[in-house]
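Right, one structure below, let's go through it.
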Amino acid sequence: TKKIRQIPLLAIKPDPSQPRKEFDDEELQELAQSIHRNGLLNPITVKTNGDGEYIIIAGERRYRAHQILDAETIECIVYTGKNGKELQLIENINRKDLNYMELAGAYRSYLDDGHTLDELSQVVGKPKNIISWMLNLEKCRPEVQHLVKRNQLSLVVAISLSKLTENGQLRALKTMQVTKLNVAECQALCEQIYSEENQVDMFAEEPKLTDEEMKTRAKIQNALDRACH
């Protein structure tokens, strides 16, 4: 169940398990000015913690904007059901500004709360293998995670990198830095490094490649050679 009410800002706390950790100061200032001019269009969503305080489920940016405005209260939807974690997760995955690392963190937080992968799959409406791939992003080197957070690395490439050892990831990143590769070429690069690390099909007969595949393989090998010098 839920109800709408005005709550003092001092009684509201951000959720420490929230995946979003970074907020752009300039964007917060702009949001604060918008709220000052037009009012709060959408209340934030909170839940009670049993100690007279409220934990933010969704709307931390709006909450921070009210702090900038030195507001005393903020309009809240108070959620009193048992599935607050599910509501928070659904709110998060529908936000456009959530990067893939934060999304993976939201998934991890839900699982760490005692839920199963099957339950998570049902809540977010995504296949379990997709969720597992996302969770694997947390195993990536800090350099890879940083690029994902900054939206400077596509999801498919990041997932391909997550399958490599830390040394393999570093090798792939260095290669991408010295040679401009498209997404498909980056994936092929990761596949080649993965094969080398795991000695995949070491004695298998070489499949027949198309001219385009031959060009891609040659470009990748050249890029790997350049990255080593």
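Scan region 38-47 and give yes if some residue there is charged (D, E, K, R) and either at pLDDT 95 or above or surrounded by fewer than 16 Cβ atoms within 10 Å (Cβ to Cβ) (or both), otherwise no. No, the conditions are met nowhere in region 38-47. Before we move on, is Ile159 part of a helix (DSSP H, G or I) and modelled with pLDDT of 90 or more? Yes. For region 11-52, the set of residues classified as free of Cβ contacts under 8 Å to residues at least 60 places away in the same chain, part of a loop (DSSP other than H, G, I, E, B) and within 21 Å of Glu86 (Cβ to Cβ) consists of Pro14, Pro16, Asn42, Pro43, Asn49, Gly50, listed by residue number. Of all residues in region 62-96, those satisfying the criterion of being part of a helix (DSSP H, G or I) and at pLDDT 90 or above are Arg62, Tyr63, Arg64, Ala65, His66, Gln67, Ile68.
The values are calculated or read from the model by the stated rules, or taken from the named source; none is laboratory data. What you are looking at is a predicted structure, and each value in this text was computed from that prediction instead of being measured. Please note: Cβ atoms are built from the backbone with ideal geometry, for glycine as well, and neighbour counts cover all protein chains shown.
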